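The values are calculated or read from the model by the stated rules, or taken from the named source; none is laboratory data. None of the values given here were measured: they were computed from a predicted structure. Counting neighbours? That spans all protein chains shown, and the Cβs are built from the backbone with ideal geometry, glycine included. Heavy atoms of the whole protein, side chains included, go into the accessibility calculation; ligands, DNA and RNA do not. Shrake-Rupley method; radii C 1.70, N 1.55, O 1.52, S 1.80 Å.
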Amino acid sequence: MWSDVNADPPRCAGSGTQAAPAPPLADGFPHGRAICPACFAFVTLEGGELAEHDSWRGDISRDEADQRREWMNTHGW
């Protein structure tokens, strides 16, 4: 059984990492966000660093998942 005692903390270790905006698709996705090297989430930048965020657990919508897939197929990781 899974136990919270052994679980990783929800806060991603990539929070606060220096980053640059990811290259955009034609529709602007990911809209100035950078990809986190630890969890592969698209994260807002604050002063050139990844904002504090929880580890990526999946896209928030079907549209976001479709755009993410297109971005990964176009730019890779």
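For the pair Leu45 and Thr17 in one chain, pulling the backbone fully straight at 0.36 nm per residue adds 9.1 nm over the alpha carbon distance. The residues of the chain have, on average, 69 Å² of accessible surface per residue, using a 1.4 Å probe with all protein chains present.
Charges were assigned to the Cβ only: +1 to each Lys and Arg, -1 to each Asp and Glu. The resulting dipole of segment 17-75 about its Cα centre is roughly 160 debye. Out of Pro10, Leu50, Cys39, whose Cα points farthest toward the positive end of the dipole of the chain (charges: +1 Lys, Arg; -1 Asp, Glu; placed on Cβ)? With unit charges placed on the Cβ atoms, the residue in question is Cys39. Just the protein heavy atoms count here, and of the accessible area of the chain at 1.4 Å, carbon and sulfur take up 53 percent.
Here the scattering of segment 17-75 is modelled by Debye summation over its C-alpha atoms, one equal scatterer each and no solvent; at q = 0.15, 0.27, 0.29 Å⁻¹ the log10 of I(q)/I(0) is -0.40, -1.24, -1.35.
Relative to the dominant Cα principal axis of the chain, helix 62-75 is inclined by about 70°.
Only Cα pairs under 8 Å and at least 6 apart count here; give the relative contact order of the chain as a rounded whole percent. Normalised by residue count, the contact order of the chain is 29 percent.
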